[in-house]
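To keep things clear, I will list the structure first and then write my remarks on it.
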Amino acid sequence: MKDEILRVQNDAVAMIRAAADIRALEEARVATLGKKGSLSALSMGMKDVAKEDKAEVGQLLNAARLEIATSLDEKQQALEEIADRAALAGIDVTLPPRVLHPGATHPLTLLRERAVGILRRMGFALADGPEIEDEFHCFDALNTPADHPARNAKDTFYFDSGKLLRTHTSSVQVRTMEKCRPPLRIIAPGTAYRRDEIDSTHLSAFHQLEGLYVDSDVSLPDLKGTLEAFLHELFGSGTAVRFRPHFFPFTEPSFEIDVKLEIKGQAPRWIEVAGCGMVDPAVFEAVCGSRKDRVYDPDEVTGFAFGMGLERLAMIQWGIRDIRLLIENDVRFLRQFA
Ligand code: PHE
């Protein structure tokens, strides 16, 4: 029996040492320590061993089990090390690393996020509407009659269906009032489209940020205070802001807003940044018509609206001279905002 144990132990260790890979090692483990393995078979013989020899044979069996288990562990470690080394072979750790260029946020996105952030803190909620609009929401409901130049096919992209690419985000004013009851305080950043010749200050697809505030007692000082506070936060508290009388079909009175700014090296000058005004009662009437109720009765509610060009604001913010830089995706330009 004792010889038999030693023989099994030696055979097992030899088999383990000879294992060429993890799979062969696993087979050796099963063949020796496994339930039907050689050592287990020997242990079964314990019951036939004479009583006085039992202790010694038991010890030998334990020693054999330990020896085999240790060999298995050692071999496993050795094989894993070989596998690791093989995996690293062919990798030259002295090669210079590949430089990763981190992406950057587009200046227009940066500007939009700042503008939206300021207005949201003032209590304006985000709203949106479709870029493919119908004439009612883009023009009629905004008191813009059929003979208004903005509706001309020369200025607007029409589809055969009669729909069009919205020429301004003001259509979102109408859509939001159709859906929601007053009081209302929303902003809607989005794309607008015009048949403009592309040059250093015009694009045919550009971005606006629309705003609308409707309640029972909104007045012109609310409009001025809100937009002045907004522009001061965007461009600095010392920025001079001026409201210049203007005309929009959907606001009365209407204004254009200018800020006095110094663009790199040039003498300070007034730059137009937004259109705004008090919502025209005709717009509320149109909304009442499509809602089929009177919650926007112009005798009950008043409101102000504004719209600004985001490209224009970005150009002022960073002294960008040509609007086309914002759509050319030239990394030398964009990298400056990283
Ligand atoms: N929609 C106008 C434009 O595109 C801007 C505007 C919005 C003016 C809201 C007044 C009120 O020029």
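The values are calculated or read from the model by the stated rules, or taken from the named source; none is laboratory data. Keep in mind it's a predicted model, so treat the numbers as computed, not measured. All Cβ positions, glycine included, derive from the backbone under ideal geometry; neighbour counts span all protein chains shown.
Tabulated results
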| read-out | value |
| --- | --- |
| Filter result for the condition that a residue is more than 11 Å from the ligand (Cβ to nearest atom), assigned by TED's automatic domain parsing to the domain that holds Arg181 and in contact (Cβ under 8 Å) with a residue 40 or more places away in the chain, over Val279, Val301 | Val301 |
| Single unsatisfied condition, His168 versus (1) at pLDDT 95 or above; (2) over 20 Å from Glu252 (Cβ atoms); (3) surrounded by 16 or more Cβ atoms within 10 Å (Cβ to Cβ) | (2) |
| Some residue of the stretch 263-272 being within 16 Å of the ligand (Cβ to nearest atom) and either assigned by TED's automatic domain parsing to the domain that holds Gly211 or within 19 Å of His168 (Cβ to Cβ) (or both) | yes |
| Count of residues meeting criterion [surrounded by 17 or more Cβ atoms within 10 Å (Cβ to Cβ) and farther than 25 Å from Gly123 by Cβ] in the stretch 180-197 | 2 |
| Filtered residue count, the stretch 262-289, keeping only those that are assigned to a loop (DSSP other than H, G, I, E, B) and modelled with pLDDT of 95 or more | 1 |
| Criterion (of a type outside the set (Ser, Thr, Tyr), loosely packed, with under 11 Cβ neighbours inside 10 Å and at pLDDT 85 or above) met by exactly one of Arg85, Arg17, Arg65 | Arg85 |
